[in-house]
Every structure is written in C-alpha cells, then in structure tokens.
Amino acid sequence: MEHPNPNMLKPETASEPLLTLSGVHTHIGQYHILQGVDLVVPRGGLSILLGRNGAGKTTTLRTIMGLWKASAGSIHFDGRDITKLATPDIARAGIAYVPESMAVFSDLTVRENLYLAARNGPLDRARVDWICGFFPALKKFWNYPAGNLSGGQKQMVAIARAIVEPRKLLLVDEPTKGLAPAIIQSLIAAFRELKATDTTILLVEQNFNFVRSLGDTVSVMDDGRVVHAGAMAALADDGALQQRLLGLSLDSHQ
Ligand SMILES: Nc1ncnc2c1ncn2[C@@H]1O[C@H](COP(=O)(O)OP(=O)(O)OP(=O)(O)O)[C@@H](O)[C@H]1O
Ligand SMILES: [Mg+2]
C-alpha cells in the first residue's frame, strides 16, 4: 500500500499511542544508562514516569528530545520515527520539554521569556490570559526580570514557556522539586487545566501524593528500564505494589 488514503487510516491512528519507545538504549560516554526502555504514552491525558533517584527518568526525557542519542531501539511520535532527528526538529514536531532546572532567562522579563518561547509569531493574547488564569504570579511579575521570581514562580514561567503555543506532547521533569505545598497545589490545578485541553503530558515525578490523583497511566523505571506500566488508579489502590515498586523512592524523598 504505497499511498494509503489518510481517511482510511484515521480510526487506526487515533488509537495509536502518541509516543512509543521500543527497546531504547542510551550511553552517556562509557556508561550504559538506558538499557532497553519500553515506554508507551497514550494520546490525551497525563502519563506519569516514576522511579527512584538515578533510575533513568531524566535520561529518558533527554533521549526523547534528542539531547542524548539512542544507541539502539526506536522512538516513534505521532506516527513518525523521530529516533534520529535533531532536537530542534523534535521540538518542531510538537514536543515541549521543561527540564528539572527551571529553564528561564533570568535577565529577561516574564513577558520576554514567553515572547521568546513563541515560535509561530506574536503571543496569543487569549492563550496567555488562559495561562495566567492558573498562574496569576505571571501577570503580577509580567514586566519584572524572571530572575527575581521565587523557585515556584520560575517553575510556572518555565511551564508557561512550554505551553505558550499548543503542543502535542509536554515533557515535564519533577516540577514540584523543592516547592512549598501551596505552590504544589497551584501546579496540580494547572495540570488539571492542561489535561482538559488536547495536550498529552508525560510527567516525571517522585511525589506520589502529587501524581496519584493526576495521572491516567503510570510507568515505573528502575536501573534504566521500565519495570511496571499500567493504570494510575490500579497503582494508587494497591499499597503492596506501591511498596514493592516505590518503597525506596518514597523513603528517599521524605
Ligand atoms: N551526564 C552524565 N554523565 C554520566 N552519568 C550520568 C549523566 N547523567 C546521568 N547519569 C547517570 O545516569 C543514571 C540515570 O540518571 P538520571 O538523571 O536519568 O536519573 P533520574 O531517574 O532522573 O534520577 P533523579 O530522580 O535523581 O533525577 C544515574 O546513574 C546517573 O548518575
Ligand atoms: Mg532526574
């Protein structure tokens, strides 16, 4: 079938996962970090990636973005093989990435930070208002240098940058790290808002209480592999499974 009719393919592609990693290996220098990661992110909703420190969660996100090159295996996104694409092309394909380190330009204002993140032209006013609805601090500090903001507010700027234009997939690495409970509550509200749009989210998070009510599906990593994948509700209801899969990581984050 050389030229398939796209309409004929529609029902099939609609149920296809948005992102699939198959047997992905990643080497960093001489170290063999990812050792055959199989990860599926369904279209729509919010998928959680859990795992103890050093399990390979950040390396997985960086490999999806092409910041590390997979040494074996494949990564398919939205019906395309993106394994060998350069990072800017992966971003253009519709994936946004919020790294662990709250990537904002400290010397630039909040407005300028968002302006630079908009690839397709001027800022979409209505969308910015929508984002400021769940991150009101952005409006308050709109014309202040982002470097003056608190950690939680910088995290909001970083997430706002990633969603300032619609993206198909949002990768977010540990957004709650070091944040006060009140800020974590506003992040939960923001992710709920995003879930209601057609953005698919893959969230790396070790704070199980943060993700148990947010996640639709969950994958758990250990030693460079995915060792469990399923519905979040099933893991949230199964104390023994949590203990077995997450006992270590929960303890290490108290
Ligand atoms: N630049 C690097 N050079 C060498 N080893 C690295 C590098 N980055 C990560 N690693 C190693 O790869 C493994 C996985 O790291 P990664 O950052 O992906 O873990 P993580 O699951 O995100 O952990 P955390 O919860 O602490 O953020 C660790 O053993 C780490 O030491
Ligand atoms: Mg990490």
Original post:
Between the range 144-213 and the range 23-91, what's the alpha-carbon centroid distance in Å?
Top reply: 20 Å
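Calculate, in whole percent, how much of the Cα-Cα pair population of the range 6-121 lies beyond 16 Å.
Cα-Cα pairs of the range 6-121 separated by over 16 Å account for 67 percent.
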Original post:
If the limit is 26 Å between Cα atoms, which of Lys69/Lys195; Lys84/Lys154; Lys57/Lys154 go over it?
Top reply: Lys69/Lys195; Lys84/Lys154
Original post:
Please identify the trypsin sites (Lys or Arg not before Pro) of the range 86-194 that satisfy two criteria: DSSP loop assignment and at most 13 other Cβ atoms within 10 Å. Which are they?
Top reply: Arg119
**OP:** Please say if the range 71-220 is rounded, prolate or oblate, where rounded means a/c under 1.5 for a ≥ b ≥ c the square roots of the C-alpha gyration tensor eigenvalues, and otherwise the choice is prolate for a/b larger than b/c and oblate otherwise?
**Re:** oblate
Subject >> Dipole magnitude of the chain, debye to nearest 20 (Cβ charges: Lys/Arg +1, Asp/Glu -1, about Cα centre) >> reply: 560 debye
Original post:
Based on the Kirkwood radius over alpha-carbon pairs, what is the Stokes-Einstein translational diffusion coefficient of the chain at 25 °C with 0.890 mPa s viscosity, in µm²/s?
Top reply: 129 µm²/s
Subject >> Extended-chain gain in nm, criterion 0.36 nm per residue less alpha-carbon gap, Ala180 and Glu193 >> reply: 2.6 nm
Original post:
Label Thr20 and Thr87 with points 7 Å out from Cα along Cα→Cβ: what is the distance between them in nm?
Top reply: 2.8 nm
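Which value at 222 nm does the chain reach when only helices count, each DSSP H run of 4 or more adding -39,500 (n - 2.57), with the total divided by all residues and rounded to the nearest 500 deg cm²/dmol? Working shown, then result.
On the way: 11 runs with 98 residues, N = 254.
Only helices count here, giving -11000 deg cm²/dmol.
First select every other residue whose beta carbon is under 9 angstrom from the beta carbon of Gly44; then total the charges, Lys and Arg +1, Asp and Glu -1.
That sum, taken over residues with Cβ under 9 Å, equals 0.
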**OP:** Starting from the eigenvalues of the Cα gyration tensor, five times each then square-rooted, give me the equivalent ellipsoid semi-axes of the range 168-237, largest first, whole Å.
**Re:** 19, 15, 13
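A short reminder: the numbers here are calculations on the coordinates, not readings from a lab. Just so it is clear, the model here is predicted, and its values are computed rather than measured. Glycine also receives a Cβ, built like all others from the backbone with ideal geometry; neighbour counts cover every protein chain displayed.
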